[in-house]
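The values are calculated or read from the model by the stated rules, or taken from the named source; none is laboratory data. Since the structure is predicted, the reported quantities are computational estimates derived from the model, not experimental observations. Quick reminder, even Gly has a Cβ in these numbers, built from the backbone with ideal geometry, and neighbours come from all protein chains shown. For the accessible areas, the whole protein counts, side chains as well, though only heavy atoms, and no ligand, DNA or RNA atoms are used. Shrake-Rupley method; radii C 1.70, N 1.55, O 1.52, S 1.80 Å.
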Amino acid sequence: MPNTTSHLMQAYARQPVSFCRGSGARLWDTQGTEYLDAIAGVAVTSLGHAHPEITAAITEQAGLLLHTSNLFQIDWQERLGERLCGLSGMQRAFFCNSGAEANETALKLARLHGQRKQVAQPQVLVMDNSFHGRTIATLAATGNPAAHRGFEPLMPGFVRVPYNDIGAVRQAAAQVPGIVAVLVEPVQGEGGVRPASPEYLRALRALCDEQGWLLMVDEVQTGMGRTGTWFGYQHAGIAPDVITLAKALGNGFPIGACLARGQAAQLFSPGHHGCTFGGNPLACRIGCTVVDVMERDNIPERAAQLGHRLLAGLQHALRDHPRVVAIRGLGLMVGIELESDAKALLGRALAQQRLLITVTRDTTIRLLPPLICDGAQIDDIVARVARLLNAPTALPAHGEHARRGRITSPAT
């Protein structure tokens, strides 16, 4: 039941549990009950809770300097920009506080790109089932009608086409004037954990080159090792013009980044954009520490290995489940699509299995475990999910025309 005495706006359907302590992939609530975290704060705490090196960096930097503003040089910001550009092949970085802000930055770059091309009404091509944020601009870019409800009229300047369909993109190029950029997720997380094919991403790159469009890749959820490479687009062997990051970059501390190369890296000049808190010494030192740990411990490779283990375990455990439509994913980003509404499973997973999951698009269980899980914890996630779905009250009874389980392999 909702907390009727709370002074918080009712923007979230919160579960009746409050966590007070964490360690690695484990959490404890205020009653001392232990849970296994299979969502990592929705792909945020990829290095786990209370990581000792991140804790030490926060403690030391908080005692030195938190904030000076971007009116002055910030050494930690310079260091993090250099590190991220080195990993991604980009040339310039802009720092902010969140994924939505990073995507806003990318959309402003697209508008400036259009202005340079003398396009009077620049359009950004976006995808059905996408998610890019909840600000007015990123909401308009998002391909989910449910998220739009109540916030119309949406901001103009977006052309939406089916995801993973290069033919639809080519048709838009032929029919819609003024397209200046494409914004795409390598894996649609909120859209049900749907990976783009490498061929699709490579074809997008080629078409953007042909048309003079910017290829902008939203790596807010997929970036920083989640899919088994540093960035999701690297599976396709392409180089975007712009990428956006957040979530795992701060392992729980708010930070976002927009990286660019080529002409896109030169579009901003003083006064075009800004962010009061973006790239402050504390946030950027934490980001540098995250990169240090991920590089030293080969975290992206670990995510690839554990992701194969998670998918194989789920495919084996759920291979005969009558209500499983598909299992798909990339690295430690996995979706289990069910034939019926799965929202009630979130509460049951907490209460019955002491497992944190999330449900997206109503019917898909999304698993985003910390990338520092060990093999036993991955196997434990599989076992708890199987028990959850095999419980007599797990799902509504399926009809006589229900689809049998169709298990899909991960995208490669």
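Some points to look at:
- Hits in region 122-141 - residues which are buried (at least 18 other Cβ atoms within 10 Å of the Cβ) and part of a loop (DSSP other than H, G, I, E, B): P122, N129, S130, F131, H132, G133
- Positions within region 276-288 being assigned to a helix (DSSP H, G or I) and either among the hydrophobic types (A, V, I, L, M, F, W, C) or over 20 Å from the mean Cα position of the chain (by Cα) (or both), in sequence order: P281, L282, A283, C284, R285, I286, C288
- Which listed residue, of V159, V119, is surrounded by fewer than 23 Cβ atoms within 10 Å (Cβ to Cβ), part of a loop (DSSP other than H, G, I, E, B), over 18 Å from the mean Cα position of the chain (by Cα) and at pLDDT 95 or above: V119
- Taking region 221-261 as the range and being among the aliphatic types (A, V, I, L, M), open to solvent by 10 Å² or more (accessible area, probe 1.4 Å) and touching a Phe, Trp or Tyr at 6+ places or on another chain (Cβ under 9 Å) as the test, only A239 passes.
- Restricting region 142-153 to residues that are open to solvent by 60 Å² or more (accessible area, probe 1.4 Å) and in a loop (DSSP other than H, G, I, E, B), the residue that is farthest from L183 (Cα to Cα): G150
- Residues of region 327-356 that turn out to be closer than 17 Å to G313 by Cα, open to solvent by 10 Å² or more (accessible area, probe 1.4 Å) and aliphatic (A, V, I, L, M), as a count: 1
- Within the set R296, R323, R319, R302, the sole residue that is more than 19 Å from the chain's Cα centre (by Cα) and under 30 Å from T55 (Cβ atoms) turns out to be R296.
- Pair list, Cβ < 8 Å and 6+ apart or interchain, from region 362-382 residues that are more than 17 Å from L47 (Cα to Cα) and open to solvent by 10 Å² or more (accessible area, probe 1.4 Å) to residues that are in a helix (DSSP H, G or I) and of a type in the set (G, A, S): D379/G313; V382/G313; V382/A317
- D292 part of a loop (DSSP other than H, G, I, E, B) and open to solvent by 20 Å² or more (accessible area, probe 1.4 Å): no
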